[in-house]
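Taking it in order: structure first as structure tokens, then the write-up.
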Amino acid sequence: MADAGRTVEAVARTQYGRLLAFLSSAFGNVDEAEDALGESLLAALTSWPNDGVPKNPGAWLLTVARHRLIDGARRTGVRHEHADAIRALAAEPATSATVGDMFPDRRVELMFVCAHPAIDPSLHAPLMLQTVLGLDAARIAQACLVAPATMGQRLVRAKRKIRGAGIPFQVPPAPELPPRLDAVLEAIYGAYGLGRDDTEGTDTGGRDLMDEAIWLARVVRERLPDEPEVRGLLSLMLFCDARRAAGRSRDGRYLPLSEQDPAVWSAPEIQEAEAELAEAARFGRCGRFQLEAAIQSVHVDRARTGRTDWGAIVMFYDQLVHVAPTLGARVARAAAVAEASGPADGLALLDALGSPAVATYQPYWAVRAHLLRSLDRLSEAAAAYDRAIGLTEDPAVRRFLLDRRS
Amino acid sequence: MRYVMLIYETPADFEARGPSVREPYVAAWRAYYRALVDAGVFAGGGAPLEDTATATTIQMKDGRRHVQDGPFAETKEQLGGFMILDVASIDAALEWAARCPAAATGAVEVRPMAVAMHATITTP
């Protein structure tokens with residue numbers, strides 16, 4: 001019965017995160033819950049083809065995993081603080097109700113654990129991808145440009161820390177919520193960025209991290225509908241996603257935003273992005289992601305008006321660098337100022353950055369080269385193009401810059 | 001930390017090594033080399049190897065010389081050169097490796113230098 005194998009896969013795909021979030025929050029322990037869930041998936045692969053697929057596959061998986069966890073805890077001697085959790089797990093009946101009815105959705109709690117300040121920020125996104133989405137370490141390693149074994153070790157250490165440090169599985173109470181939520185949103189946006197690096201100029205193959213990141217944001221929005229920055233992030237990612245197909249010509253050449261055909265942009269995604277941004281604005285609490293989404297909103301307005309309102313974009317960037325003065329935002333602001341009031345003004349802003357991090361920041365050199373070329377400072381432009389080319393990973397972007405340089 | 005990037009190129013890469021900087025592969029390499037130097041991470045190597053037709057491989061087997069035409073390993077991608085990087089971590093080394101023009105067509109292998117062994121064999 002090949003169907004049973006596919007069913008296991010489909011259940012794992014749709015319910016893995018919910019099952020793991022529930023098991024690990026009940027146990028205060030992600031790695032053992034992962035092992036138990038993995039074992040129950042394996043058991044399903046051997047049992048379902050013979051005995052048939054159970055009526056409620058999720059409940060079946062949960063019951064098996066729960067028993068593994070309880071057996072494991074009994075063998076090793078139950079730690080006192082989890083005694084209640086284990087009793088609760090053991091008592092919970094495996095009814096034929098839908099999985100959704102049977103146990104609470106703790107995925108957002110799990111995301112707060114993954115993005116906890118005690119965990120290395122560079123591992124927030126990888127942890128979420130592994131625990132909430134069930135991606136394997138090797139897949140995550142590809143996107144993060146890390147050796148698979150190294151990523152595996154880092155994730156194991158982080159999960160040990162979750163248990164060792166006793167990180168609580170909860171949505172933080174109000175006073176702590178804003179910074180903790182920021183970290184969760186950062187991680188989701190980080191996952192989106194990993195997807196972008198992952199797929200640019202290549203076959204995507206397998207699960208698409210950008211879609212997964214958008215899905216994570218939807219999960220958080222459902223749980224925290226009154227947090228405008230969640231909607232801001234969702235809006236931002238939808239805007240970027242709407243333009244995804246337009247970033248390459250039919251023959252695979254890279255197309256910068258200014259050369260993209262708005263007809264190729266996805267109208268339904270833009271519509272949803274606009275709606276989320278409008279909804280976020282009703283709360284009157286602006287933030288970094290809402291500002292970035294607003295900038296994208298102005299960009300896509302070109303589909304309607306045929307022009308780009310650079311003045312509005314500069315205004316949003318001014319606010320953005322005030323609340324989140326990242327290098328990326330400051331370089332993008334310089335590029336926007338150049339469009340609004342001339343390349344010399346943009347270049348002056350780049351000159352004033354004074355950050356050593358620009359040395360290896362590709363967008364800085366790409367913008368700089370473009371502005372120097374506009375100012376007819378050709379030899380300086382060539383040197384800046386070279387620097388940008390040397391820092392580029394994507395062969396299509398490299399080709400684009402090589403063409404511009406010559 | 002010092003890492004070596006072993007740069008494996010395809011036959012097409014070797015052919016694309018024309019004498020003109022207008023050749024995109026060569027221009028990409030020029031830019032890459034400059035970026036490494038300007039970022040202060042370039043620590044040696046960098047001279048490309050002639051193509052594998054020029055290679056000769058020597059082995060001593062049972063005290064006898066074995067001389068072979070061509071490279072040691074018969075693979076499609078062949079060693080085309082190496083560069084030494086001085087960077088803070090393997091993560092940084094891999095980031096540079098991903099930017100290497102040969103990574104898009106061939107492969108770039110990153111290995112840490114065996115510093116302790118180097119010290120042992122170079123100490124008088």
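The values are calculated or read from the model by the stated rules, or taken from the named source; none is laboratory data. For clarity, every value in this text was computed on a predicted model and none was experimentally measured. In this analysis, Cβ positions are derived from the backbone assuming ideal geometry, glycine residues included, and neighbour counts consider all displayed protein chains. Accessible surface areas use protein heavy atoms only, side chains included; no ligands, DNA or RNA. Shrake-Rupley method; radii C 1.70, N 1.55, O 1.52, S 1.80 Å.
Here B:Tyr3 meets each of (1) out of contact with any helix residue (DSSP H, G or I) (no Cβ under 9 Å at 6 or more places or on another chain); (2) within 14 Å of chain A (Cβ to nearest Cβ); (3) more than 23 Å from A:Leu401 (Cα to Cα) with one exception, condition (1). The set of residues in the range A:344-388 being in a helix (DSSP H, G or I), of a type in the set (Ser, Thr, Tyr) and under 31 Å from the mean Cα position of the chain (by Cα) consists of A:Thr360, A:Tyr364, A:Tyr385.
Whenever a residue of the range A:147-159 is within 12 Å of chain B (Cβ to nearest Cβ), it has no partner that is not in a helix (DSSP H, G or I) lying with C-beta atoms less than 7 angstrom away and at least six residues away or across chains.
For the range B:69-108, the tally of residues that are assigned to a strand (DSSP E or B), of a type in the set (D, E, K, R) and either in contact (Cβ under 8 Å) with a residue 24 or more places away in the chain or touching a Gly at 6+ places or on another chain (Cβ under 6 Å) (or both) stands at 1. Here A:Arg333, A:Arg307 are screened, and the one residue that is surrounded by fewer than 19 Cβ atoms within 10 Å (Cβ to Cβ) and basic (Lys, Arg) is A:Arg307. Of everything in the range B:1-58, what is more than 29 Å from A:Ala369 (Cβ to Cβ) and assigned to a strand (DSSP E or B)? Give them in sequence order. Across the range B:1-58, the qualifying residues are B:Arg2, B:Val4, B:Leu6, B:Tyr8, B:Thr56, B:Thr57, B:Ile58. In the set (1) free of Cβ contacts under 8 Å to residues at least 40 places away in the same chain; (2) more than 10 Å from every other protein chain (Cβ to nearest Cβ); (3) under 17 Å from A:Ala332 (Cβ atoms); (4) open to solvent by less than 60 Å² (accessible area, probe 1.4 Å), the condition left unmet by A:Tyr361 is number (4). For the range A:14-33, a tally of residues being of a type outside the set (A, V, I, L, M, F, W, C), within 23 Å of A:Lys55 (Cα to Cα) and in contact with a Lys or Arg (Cβ under 9 Å, 6 or more places away or on another chain) returns 2. Which of the residues belonging to the range B:6-32 are away from chain A (no Cβ under 14 Å) and either touching a Ser or Thr at 6+ places or on another chain (Cβ under 6 Å) or surrounded by 21 or more Cβ atoms within 10 Å (Cβ to Cβ) (or both)? Correct list: B:Ile7, B:Glu9. Which of (1) polar (S, T, N, Q); (2) within 28 Å of B:Met1 (Cβ to Cβ); (3) open to solvent by 60 Å² or more (accessible area, probe 1.4 Å) is the odd one out, the single condition B:Ser89 does not satisfy? So the condition that B:Ser89 fails would be (3). With respect to the conditions (1) farther than 26 Å from A:Ala183 by Cβ; (2) open to solvent by 60 Å² or more (accessible area, probe 1.4 Å); (3) free of Cβ contacts under 8 Å to residues at least 40 places away in the same chain; (4) of a type in the set (A, V, I, L, M), A:Ala312 lacks only one, and its number is (2). Residue check: is A:Leu110 open to solvent by less than 10 Å² (accessible area, probe 1.4 Å), modelled with pLDDT of 90 or more, part of a helix (DSSP H, G or I) and over 30 Å from B:Val108 (Cα atoms)? For A:Leu110, the condition - open to solvent by less than 10 Å² (accessible area, probe 1.4 Å), modelled with pLDDT of 90 or more, part of a helix (DSSP H, G or I) and over 30 Å from B:Val108 (Cα atoms) - is met.
Of all residues in the range B:33-52, at least one satisfies being at the interface with chain A (Cβ under 9 Å from one of its Cβ atoms), under 19 Å from B:Ala104 (Cα atoms) and open to solvent by 60 Å² or more (accessible area, probe 1.4 Å). I'd like to know if the range B:71-86 contains one or more residues that are out of contact with any Pro (no Cβ under 6 Å at 6 or more places or on another chain) and within 13 Å of another protein chain (Cβ to nearest Cβ). Yes, some residue in the range B:71-86 is out of contact with any Pro (no Cβ under 6 Å at 6 or more places or on another chain) and within 13 Å of another protein chain (Cβ to nearest Cβ).
Applying the set (1) open to solvent by 60 Å² or more (accessible area, probe 1.4 Å); (2) of a type outside the set (S, T, N, Q); (3) over 21 Å from A:Tyr189 (Cα atoms); (4) part of a helix (DSSP H, G or I) to A:Ala340 leaves exactly one unmet item: (1).
Within the range A:282-296, the set of residues being touching a helix residue (DSSP H, G or I) at 6+ places or on another chain (Cβ under 6 Å) and touching a residue at least 24 places away in the same chain (Cβ under 8 Å) comprises A:Phe283, A:Arg285, A:Gly287, A:Arg288, A:Phe289, A:Gln290, A:Leu291, A:Glu292, A:Ala293, A:Ile295, A:Gln296. Among the residues that make up the range A:397-404, is at least one of them assigned to a loop (DSSP other than H, G, I, E, B) and either among the hydroxyl-bearing types (Ser, Thr, Tyr) or more than 11 Å from chain B (Cβ to nearest Cβ) (or both)? No: the range A:397-404 contains no residue that is assigned to a loop (DSSP other than H, G, I, E, B) and either among the hydroxyl-bearing types (Ser, Thr, Tyr) or more than 11 Å from chain B (Cβ to nearest Cβ) (or both). Is one or more of the residues making up the range A:233-244 of a type in the set (Ser, Thr, Tyr) and open to solvent by 50 Å² or more (accessible area, probe 1.4 Å)? No, that holds for no residue. Tallying residues that are in contact (Cβ under 8 Å) with a residue 12 or more places away in the chain and either aromatic (Phe, Trp, Tyr) or outside any helix (DSSP H, G or I) (or both) within the range A:129-146 yields 5. Take A:Gly346 and decide whether it is more than 27 Å from A:Val264 (Cβ to Cβ) and surrounded by fewer than 19 Cβ atoms within 10 Å (Cβ to Cβ). Judged against the criteria, A:Gly346 is not a match. For beta carbons closer than 6 Å, sequence separation of 6+ or different chains, a first residue in the range A:60-72 that is part of a helix (DSSP H, G or I) and a second that is open to solvent by 10 Å² or more (accessible area, probe 1.4 Å), the qualifying pairs are A:Trp60/A:Pro54; A:Thr63/A:Ala94; A:Val64/A:Ala43; A:Arg68/A:Glu39; A:Ile70/A:Ile86; A:Ile70/A:Ala90. Within the range A:364-406, the set of residues being acidic (Asp, Glu) and open to solvent by 60 Å² or more (accessible area, probe 1.4 Å) comprises A:Asp376, A:Glu380, A:Glu393, A:Asp403. In the range A:371-396, the qualifying residues are those that are among the polar types (S, T, N, Q) and touching a helix residue (DSSP H, G or I) at 6+ places or on another chain (Cβ under 8 Å), and the one that is farthest from the other protein chains (Cβ to nearest Cβ) is A:Ser374. The residues on offer are A:Ala83, A:Ala125, A:Ala65, and the sole one that is at pLDDT 90 or above and more than 24 Å from the chain's Cα centre (by Cα) is A:Ala65.
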